[in-house]
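Undergrad: Please see the structure below; I have some questions.
We did not get these values from a lab; they are worked out from the coordinates using the rules stated. These numbers come from a predicted model, not from an experiment.
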Amino acid sequence: MAFTRINSKMVEARIVPGQRMFSQRGAMLAYRGAVSFTPSITGGQGGVMSMIGRRVANEATPLMVVEGDGSVMFGHGGHHIHCVDLGGETLYVEADRLLAFDGSLQQGTMFMGSQGGVMGVIRGQVSGQGLFTTTLQGKGSVAVMAHGGVIELPITPQAPVHVDPQAYVAHRGDVRNKLSAALGWREMVGRGSGEAFQLELSGHGMVYVQASEEKL
């Protein structure tokens, strides 16, 4: 179920019988047809283990199951929305940036320390987004939220991408991440912009970066 863009802050999804979608609670703006919304206990195709993983991660983004026959318009907090279509690969995304996604996608939770070792753990502490991130794998569509819109930056072995941890939204592909210090003369004299750390992503894939460093 692909999303149809209404404007930069609203998307619409067609809900058909026998298929379901998950959305962040409070994300439904309007709907047409016979559509139901119920709290999700397990969340996605991850089952009980996915639920346990999210509780360990202290995820505070409850989901709703959307089912029926009709169409639903989604948006939340006036944030810009960016849609990602997956063709079997895995999307790594912060839980609080998820707006809605196809129920066919396998949902899980990944400990950031497993990508980038100890530096991955530090990245979670610096970004304020926790030590865990949500994974969505399979074929389907995902709508994510961001401040000021999203740009897609390709990642290649010859051209790794450095991102401010607060501007990071999500990434996909065979990507490694690590946190690196960017200490320069501005930080040494106490007049820096606060960007003393950078998230370095290398490998093959894509990173999604928001146009603002503000948190959701």
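Undergrad: What are the ³J(HN,Hα) couplings of segment 92-97, residue after residue, when phi is run through the Karplus curve with 6.51, -1.76, 1.60 and θ = phi - 60°? Round to Hz, x for glycine and proline.
TA: With coefficients 6.51, -1.76 and 1.60, one gets 9, 9, 5, 4, 6, 9 Hz.
Undergrad: May I pose another question? Amide H neighbours of residue 40 under 5 Å, counting only residues 5+ apart in sequence or on other chains, H built in-plane at 1.01 Å?
TA: Hits under the 5 Å cutoff: 63, 64, 65.
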